[in-house]
1. All but one of (1) buried (at least 20 other Cβ atoms within 10 Å of the Cβ); (2) within 19 Å of B:TYR32 (Cβ to Cβ); (3) modelled with pLDDT under 90; (4) not charged (D, E, K, R) hold for A:HIS300, so report the exception by its number.
2. Name the pairs whose Cβ atoms lie under 9 Å apart, with the first residue in the stretch B:461-482 and in contact (Cβ under 8 Å) with a residue 40 or more places away in the chain, the second part of a strand (DSSP E or B) and charged (D, E, K, R), and 6 or more positions between them or separate chains?
3. Is there a residue in the stretch A:368-379 that is open to solvent by 10 Å² or more (accessible area, probe 1.4 Å) and within 11 Å of chain B (Cβ to nearest Cβ)?
4. Is it the case that A:LEU150 is under 18 Å from A:PHE351 (Cβ atoms) and either within 15 Å of the chain's Cα centre (by Cα) or open to solvent by 10 Å² or more (accessible area, probe 1.4 Å) (or both)?
5. Of all residues in the stretch B:253-267, which are closer than 26 Å to B:ARG197 by Cβ and open to solvent by 10 Å² or more (accessible area, probe 1.4 Å)?
6. Of the residues A:LEU142, A:LEU126, A:LEU173, A:LEU183, which is within 14 Å of chain B (Cβ to nearest Cβ), closer than 24 Å to B:PHE15 by Cβ, part of a helix (DSSP H, G or I) and open to solvent by 30 Å² or more (accessible area, probe 1.4 Å)?
7. Does A:ALA355 meet the test of being closer than 13 Å to A:TRP174 by Cα, facing chain B (nearest Cβ under 8 Å) and assigned to a helix (DSSP H, G or I)?
8. For the list (1) more than 26 Å from B:HIS499 (Cα to Cα); (2) open to solvent by less than 40 Å² (accessible area, probe 1.4 Å), I need the number of the one condition that B:CYS374 fails.
Amino acid sequence: MTGQNRKTWRLDWNIAFLSLALGVTGLVLIYSASSSLESSFFAGPFGRQTVWFISALACGLICTRIPMPGLKSGAYVLYGTALILLGAVLAAGRGDVHRWIEVSGFYMQPSEAAKIACILMLARFLDDHSRLPQWKKLVYSLGLTIPAVLLIIREPDMGSALVFCAIWGVMVLWSGVSVHWMLLFAAPFTALAAGLYLPVFIGFLCAVLVWAVWRSRSWWKALLYTGICGGIGMFSTAFWAGLPQYQQERLLIFLGIKSDPHGSAYQVIQSKVAIGSGGLLGKGFLNGSQSQLRFLPEQHTDFIVSVLGEEFGFLGITVVFILFFLLFVILIRAALTARDDFESLTVMGVFAMLAVQTAVNTGMASGIVPVTGMTLPFLSYGGSSLVVCFAGAGLVSNISMNRFLY
Amino acid sequence: MTGKGEQLHIRANRFLAGLAVFFCVLYGRFFYMQVISSSFYRKRSDMNSVRQIPVTAHRGLLFDRNSRVLVENKPSYSLFAVPFEFKRNRYTVDLKALTTLSEAQIQHILDTRRAGQFVPVRIKSNLTFTQLSALEEHRSDLPGFLYHVEPVRSYVSQVRASHVLGYLGEITRKEIEQNGDGLYRPGDIVGKTGVEREYDTVLRGRRGYEYRQVDVRGRETGDFDGTRDTAPVPGRNIMLTLDSGIQEKAEELLHGRAGAVIVMDPNTGGIYGMAGSPDFSLDSFAGGVSSRQWEQLTEHEGRPLLNRPIQAQLPPGSVFKLFLAAAALQTGSVVPETVHTCTGSFILGTKVYACWEEQGHGEVDLRQAIAQSCNVYFYQTGLVTGLGPIADMCRSFGFSQRTGIDLPGEQTGILPDASYLDGKYGKRGWTRGMIANIAVGQGDVLVTPVQLACACSAIAARGRRAVPHLVRAVQHADKRSWERVRPEFSEPAHVSAAHLQVIQQGMYAAVNGPSGTAVLARVPGMEVCGKTGTAQNPRGEPHAWFAGFAPLHNPGVVIVVVLENGGSGGGAAAPIAGALFREFFL
């Protein structure tokens, strides 16, 4: 990386290489997963994804050159626009599930673009108000994030809503809020969920008490706080009963307590068989019987990693895991070296978005996390997701190059 | 955060540590699955993979209005081939002898209908017992072929009603794309025409799924645990408004001729009988029609696939005078007592317009003009009334619009008004002579039989216009009770009941009067009303029409008969109507 090179390309080659490698792997897997679907090249998933891939690259390159101060001043406007779009999807979406807006035959998911907007918004807020007391930072920033989360839950898209929560959590922690404040803040909400099942509730309250005593060194403060959590937990049954039945069902399915009538249990069994039968070296490209025989529904979207596991085995998994791990390490390093807080926070937001999706998606395919419908960054089929991943990578590269501007 | 670089590093290290832990757990999980217990999963993948098999729901039955079964299901064997296997295998046996299809033919079917290289494609339905036993005998020589039971339609009654009921066929790609909601999938059998198509979503129910274990070559090795199976929801039965007796009679009367018959309740719009001829046998469609049969049907000069009652567009001839009379009465250009003298012809400009009665009808009033179908009377009435009011009146009776009957493919006919004639012949390119022609239902006027039946119903029902329909009730899922279909009504015709009464009296005289044109439709003891039409056309003999209702007071049935190139309305169509009135009332 000579200075000349740096100037002309203005690209962090590490990030560029890693995201490209992952993206191309995704294309190869989608080709394999959809090769048994008979359709013409451009109408089929592979053709469409190729088109998206090119758009995503262009979008990523643009993001490497956007001046960050400009993005910072426009952050709130961007986030507002994203909220309006999310509202529009609910109003104009198709079918029971309102996630997409159709633009000349391609379907867009505004919830994906909203992730980037939310990251920028939080980065600006936490940077502008870095001197606020910790609890105010927590409450205000959550208040700003909640509208997006609620709109996305309405779609319904629990997976994306979870990603937003993770982005918020990671960015708030990075901005200097201590873990203990975070726990203090989160405990009452957790109580609402824990209150549904008595043994869990009791265990939860004991944990809260021990932790509060340890932190505050004051028995009465700790007891008061535990009492508040317990009081809130009392309402959880009423809160639960107040939810419409379909939402109850959705939550139970999400938590893995109830099996999905549409067969997420079936998907997980098939996914595990696919991954496990791949063995050390895999069955070979286009030779996965699970993938090719179409036992796996949605194999090119949420379960792309099972195609990888089946056809390229543990070896393929290892390579992809290394790529992801390196990417995340580089992201954290970029956050450390960023020239200002806004840029540093933005990098961590992108890190949170990509890392949570990677962890949950692979966990889901291997059966240790409930099925939530989250895509695997850079690899899964889905245009909006791909574009946003590359846009995020582009932003990080942009920020990473800015450090040389001092 | 400025000046707190060390804290930032601590935080970064914590994130890194968290990340590393999570990756280790995940990586360990994959290591466990793919390296330690790989052989377990490999075995399951090779031997016992689970495949989701769609189970087609039982298709709803069709009954006539008296609960007699018209269409039911019977089991039949179909032969399927898996494209992937078929391509890979070299067959040593004579495929043509076993399946009646050559290798190239099978390949062609697979190429055009495949949904995926592992999805079986239906290549032949309705296997005979001998074919089935031959296939069973050579089962081991035929990898990639499979057969199983599929229900096909069975037409158990004497009624043909081929256009009304409609046939089934395999869904096309286009049809799947038009219904993007996952209701249909490749290989589905769907209604292609008639009630089967219009009510396909009601009749087909919802498919269920079974999970079966199959080996790596796709052979079934047994049921999966069964807990995940979802049962199909059977389709709902439908009761039609058709009356088997009347339908049979109508088909019998039309046999060997080209034409259409509609028997309808003017008060509700329910269709008692609807026949078009020539038609085709639905039995030949059960379980798929061969391409040879299909060619015969499409190339037959009688066009048996045309659903004449709703698709034939023909000039109405003198039947049209009824609606001209309504327009004339409503605009006041005639009163019932207006008298014109018919000398057998009428001169307009330099042209002579003849009445069908060469001797002339002499002095006739409106009622007699309808009864005797005097052209000269209506030439003059039409010219006085004017094209605009005639077209408006006819539109209010439903001409040039679809009636809204619950069948696919209805035609609209043509109702010429000034703008239509301007468009066709150019501004001023048409003459008053054309109006005279239109007045007697010739020229550019085209109607469908069902439009005429509806318009005639409006005359019978004092202007109320019931929307014609074929479905009387849909059975509830519990199979015990029926959900009645309520009659629907369009906007009433713009004519007063008193004027309609004059027209009714004219129609009564046409059947029962001394010199009426429709005397052959007469039924002793029954007050039948009607109007005949004899529509000239360039293709030879005139089309014969009859449109009428009975009885005069509180009409209970409307009958429309048309015979393409069948001769005179009074001579050919009226007797058929008479026979149907007799069947209906006696």
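1. Going through (1) buried (at least 20 other Cβ atoms within 10 Å of the Cβ); (2) within 19 Å of B:TYR32 (Cβ to Cβ); (3) modelled with pLDDT under 90; (4) not charged (D, E, K, R) one by one, A:HIS300 breaks only (2).
2. Partner pairs satisfying both residue conditions: B:ARG472/B:ARG484; B:ALA473/B:GLU483; B:ALA473/B:ARG484; B:VAL474/B:GLU483; B:VAL474/B:ARG484; B:GLN475/B:GLU483; B:HIS476/B:GLU483; B:TRP482/B:ARG472.
3. yes
4. Details: under 18 Å from A:PHE351 (Cβ atoms): no; either within 15 Å of the chain's Cα centre (by Cα) or open to solvent by 10 Å² or more (accessible area, probe 1.4 Å) (or both): yes.
For A:LEU150, the condition - under 18 Å from A:PHE351 (Cβ atoms) and either within 15 Å of the chain's Cα centre (by Cα) or open to solvent by 10 Å² or more (accessible area, probe 1.4 Å) (or both) - is not met.
5. B:HIS255, B:ALA258, B:ASP265
6. Numbers: A:LEU142 fails: within 14 Å of chain B (Cβ to nearest Cβ); A:LEU126 fails: open to solvent by 30 Å² or more (accessible area, probe 1.4 Å); A:LEU183 fails: within 14 Å of chain B (Cβ to nearest Cβ).
It is A:LEU173.
7. Working: closer than 13 Å to A:TRP174 by Cα: no; facing chain B (nearest Cβ under 8 Å): yes; assigned to a helix (DSSP H, G or I): yes.
When the stated conditions are applied, A:ALA355 does not pass them.
8. B:CYS374 satisfies every listed condition except (1).
The values are calculated or read from the model by the stated rules, or taken from the named source; none is laboratory data. Note that this is a predicted model, so its numbers are computed, not measured. All Cβ positions, even for glycine, are placed from backbone atoms using ideal geometry, and neighbour counts span all protein chains on display. Heavy atoms of the whole protein, side chains included, go into the accessibility calculation; ligands, DNA and RNA do not. Shrake-Rupley method; radii C 1.70, N 1.55, O 1.52, S 1.80 Å.
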